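Since the structure comes first, as structure tokens, the remarks are kept for the end.
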Amino acid sequence: MTPRRIVPLLLAAFLLIGTAGQAQAAGYRYWSFWDRDGAKWVYATQGPSMAHPSDGDVQGFRFAVSENSGDAAQPRGTADFASICAKTPAEDGTKRVALVLDFGTAPDAPSGETPPAPRTACARVSPDATTADALAAVAGPLRYNTTALLCAIAGYPKSGCGEQVSRTEKKQYSTAAPEAAEDKGDEDGPSIGLYAGIAVVAALAGAATWQARRRRNATR
């Protein structure tokens, strides 16, 4: 392999690494859904329209920008059923669900919008009600898209639904506040393309060094 061939291949490999890095940086602005498990938040495995909480459950929603469930920001503030539902007594034939609603921070907000202050609510609903039913009872209006993705709680945000943000924008967005569990980071890790690009660069650099030594030895 001649140096003239190696240079273009090296450039292509560097472009591959750059592209892979940019793909990893993609972020989305959306409402994440959480279940309270003891003293910690757990990312919900079902959507709010499919989940059927029990009496005494605590569930949370957080509006933020994140890449995936691994780095999603958790709800902030009080997450104790007794405190949230203290003024909502139990009634026969109903269940109570404590909800933590975190509208996020100003950097997370869509352009031109200001997030409302975080708040809690206690929903008293029928025993067979879903989380979506409980949410609608205390935090309407809700907005969904055509695929049933929750887009807005209490009318926030006014528009948009899970839209992708640019790499530059994403650097400005906040994650969980100090009182929330620490950020787990990107669980997906570097992409295969990134590792492949690094391997190509290393291999081609080694080939270039070997060729240069061979040419010097041949001229001696």
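The values are calculated or read from the model by the stated rules, or taken from the named source; none is laboratory data. All values derive from a computational prediction rather than experimental measurement. These accessible areas exclude ligands, DNA and RNA; they are computed on the full protein's heavy atoms, side chains included. Shrake-Rupley method; radii C 1.70, N 1.55, O 1.52, S 1.80 Å.
Please work out the average accessible area per residue across the range 33-163, using the 1.4 Å probe convention, and give it in Å².
Accessible surface, normalised per residue, equals 46 Å².
Please compute the length gained on full extension between Thr94 and Arg119, using 0.36 nm multiplied by the number of residues separating them and subtracting their Cα-Cα distance.
Stretched fully, the Thr94-Arg119 segment lengthens by 6.7 nm.
Taking the range 26-174, how much of its Cα-Cα pair set, in percent, is spaced more than 22 angstrom apart?
Looking at the range 26-174, the distances longer than 22 Å represent 36 percent of pairs.
Name the residues whose placed amide hydrogens come within less than 5 Å of the amide hydrogen of Ser49, ignoring near sequence neighbours (fewer than 5 apart) on the same chain.
For Ser49, the qualifying residues are Ala132.
Leaving out ligands, DNA and RNA, what percent of the accessible area of the range 26-174 is carbon and sulfur, probe 1.4 Å?
Roughly 49 percent, rounded to a whole number.
Under 5 Å between amide hydrogens, which residues at least 5 positions from Ala152 or on another chain qualify, with H placed 1.01 Å from N in the peptide plane?
Amide H to amide H, under 5 Å and 5 or more residues apart or across chains, Ala152 pairs with Arg143.
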